[in-house]
Amino acid sequence: MPDAISRSENGNGQNASDAAAAEDADDYRVVVAEECFDWREMTDSCLREALDTLAELLRPLADGRKAAFMEPAYDVECRPSVALIDALYSADGGLPRDKRVLLQQLLGKCKRVEPDEADLPQPVRVADGPWREPSWGAAHALSRAAAGRAMSCLLMPYATGSDWPSGWLTVTRTMEAGHDEVTMHVLRLPDDMPGFWRGLLTHENVPAERFFTFVGDAFPGLLFANSLRLHNFKGTYADVLPWLVKLLGALDDHFTRTLAECGGDQKQVVRRFDALGLDISPESPNTKKNVKAWEQRNVDFDGGTYRCEWHGKRLWDRDRVHFSLPIAAYDDRILIGIFVEHLAT
């Protein structure tokens with residue numbers, strides 16, 4: 001496998017400038033549905049809360065390449081008898097000035113999309129739910145997902161036009177020739193975001209050279225050493241990827257908290273992860289006594305050196321991910337330091 005992985009100088013697992021340059025202008029992954037702008041039934045206090053939540057969701061997406069919204073959204077009635085475009089750009093639009101200005105800025109950094117024939121809303125449903133006509137935004141996200149691109153549709157918690165749950169869903173669409181099924185993600189809360197970026201890595205089979213483009217969003221509680229190379233595993237990228245995403249997700253979500261809950265009892269931590277279907281363990285006493293082997297676990301990161309004294313195993317005899325204990329200087333984030341077939345013991 002070619003070594004085509006770029007890293008950032010600060011070691012966070014993403015080279016922001018290179019990634020932005022590499023991403024095509026049409027490679028957005030999140031579509032903001034028009035339901036997000038329906039505030040007609042809200043009191044002033046509920047409106048402020050809704051706008052704050054929308055801004056929290058949009059802030060990490062509004063970078064010029066991750067998110068888009070549909071041009072027809074400007075004509076949505078967002079307040080009684082007030083279209084979104086008037087609410088955004090008029091002092092009489094019914095939005096608090098500070099929230100209005102912030103929303104202008106965030107939406108201004110999202111791509112605006114003119115719908116085409118493939119985006120024409122047709123009845124859809126999730127599982128055995130009712131058939132509904134989606135918004136232009138939801139229909140556009142489904143159209144792109146049907147073409148093989150991992151997509152998420154942003155639907156706020158207060159959106160009443162759809163009762164779809166958060167997460168990855170199978171949506172049945174009405175087509176001219178009948179029906180088809182499309183897998184798409186629904187984003188409702190900030191905590192839903194990592195699940196989308198993790199799913200993107202496996203749903204779309206992201207190639208190895210782009211893996212590290214997404215890890216900062218997919219695993220926000222982890223740090224990634226510049227020296228990581230996917231080809232250092234024994235298994236092929238296709239074999240390793242599902243396990244790797246599952247392991248990194250579990251470390252991000254559970255490792256620091258589990259250590260605290262178990263009072264540092266390593267055996268309990270191992271058992272907790274075993275229940276998740278993952279094999280992790282600290283290094284053995286024999287490895288710690290072997291000076292040369294113990295030094296192999298040292299990883300340089302951001303001007304410091306950290307020992308990656310735990311590891312996850314894909315198979316008993318191959319494919320290891322070595323990682324550190326939580327690092328206080330980085331808000332207890334965990335350093336993913338080594339991808340390897342097997343280190344000396």
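The values are calculated or read from the model by the stated rules, or taken from the named source; none is laboratory data. Being a predicted model, the structure only gives us computed values, none of them experimental. All Cβ positions, glycine included, derive from the backbone under ideal geometry; neighbour counts span all protein chains shown. Accessible surface areas use protein heavy atoms only, side chains included; no ligands, DNA or RNA. Shrake-Rupley method; radii C 1.70, N 1.55, O 1.52, S 1.80 Å.
Here the contact order of the chain, divided by its residue count and restricted to Cα pairs under 8 Å and six or more residues apart, works out to 16 percent. Roughly speaking, what % of Cα-Cα pairs in the chain are separated by over 35 Å, rounded to a whole number? More than 35 Å apart: 33 percent of the Cα pairs in the chain.
Over the stretch 216-277, Cα pairs under 8 Å with separation of 6+ residues give a relative contact order of 29 percent.
With each label modelled as a point 7 angstrom along the Cα→C-beta vector, the Asp116-Glu176 pair spans 1.5 nm.
Surface composition of the stretch 282-345: carbon plus sulfur atoms contribute 46% of the solvent-accessible area (1.4 Å probe, protein chains only, all chains present).
Decide, for the stretch 237-345, between rounded, prolate and oblate: order the square roots of the alpha carbon gyration tensor eigenvalues as a ≥ b ≥ c, take rounded if a/c falls under 1.5, and otherwise choose prolate if a/b is larger than b/c, else oblate. Note, shape of the stretch 237-345 comes out rounded.
Report in % the part of the accessible area of the stretch 156-233 that belongs to carbon and sulfur, leaving out ligands and nucleic acids; probe 1.4 Å. Looking at the stretch 156-233 in its full context, I get 49 percent from C and S. Charge dipole of the chain (Cα centre as origin; +1 on each Lys and Arg Cβ, -1 on each Asp and Glu Cβ, all else neutral): 1440 debye, rounded to the nearest 20. Do the alpha carbons of any pairs in Lys111/Lys246; Lys267/Lys313; Lys234/Lys313; Lys267/Lys288 sit beyond 23 Å of each other, and which pairs? Lys111/Lys246, as the Cα separations exceed 23 Å there. Of the accessible area of the stretch 29-144, computed with a 1.4 Å probe over protein heavy atoms only, carbon and sulfur atoms account for 45 percent. In this Cβ point-charge picture (+1 for Lys and Arg, -1 for Asp and Glu), the stretch 97-205 has a dipole of about 600 debye about its Cα centre. Working value for the stretch 29-151: equivalent-ellipsoid semi-axes of 25, 17, 13 Å, each the square root of 5 times a Cα gyration tensor eigenvalue, largest first. As a size descriptor, the averaged projected area of the C-alpha convex hull of the stretch 200-291 was calculated at 7.4 nm². Once every Cα of the stretch 86-145 carries one equal point scatterer and solvent is ignored, give the base-10 log of I(q)/I(0) from the Debye formula at q = 0.14, 0.18 Å⁻¹, two decimals. Log-scaled intensity ratios, in q order: -0.61, -0.79. Take the Kirkwood radius over Cα pairs of the stretch 120-234, plug it into Stokes-Einstein at 4 °C and 1.567 mPa s, and you get 83 µm²/s for translational diffusion.
Taking a straight Cα-Cα cut-off under 30 Å and skipping sequence neighbours fewer than 8 places away in the same chain, the lysines within cross-link reach of Lys109 are Lys66, Lys99. With protein chains left intact and a 1.4 Å probe, residues in the chain average 47 Å² of accessible area per residue.
For the stretch 231-276, the Cβ-based charge dipole about the Cα centre amounts to some 100 debye (Lys, Arg positive; Asp, Glu negative; other atoms uncharged). Residues whose amide H falls under 5 Å from that of Leu315, counting only those 5 or more places apart or on a different chain, are absent, with hydrogens built in the peptide plane.
Peptides 131-142, 214-225, 171-182, 103-114, ordered by how many other C-beta atoms sit within 10 Å of their residues on average, highest first, read 131-142, 214-225, 103-114, 171-182. Each label was represented as a point 7 Å from its Cα along the Cα-to-Cβ direction; for Arg257 and Gln296 these points are 3.4 nm apart. Working from label points 7 Å from Cα in the Cα-to-Cβ sense, the Ala55 to Glu41 distance is 2.5 nm.
By the helix-only formula, in which each DSSP H run with n ≥ 4 contributes -39500 (n - 2.57) and the sum is divided by residues, the chain has a 222 nm mean residue ellipticity of -9000 deg cm²/dmol. Backbone phi angles across the stretch 284-289, fed through the Karplus curve with coefficients 6.51, -1.76 and 1.60 (θ = phi - 60°), yield HN-Hα couplings of 6, x, 5, 5, 5, 7 Hz in residue order; Gly and Pro are listed as x.
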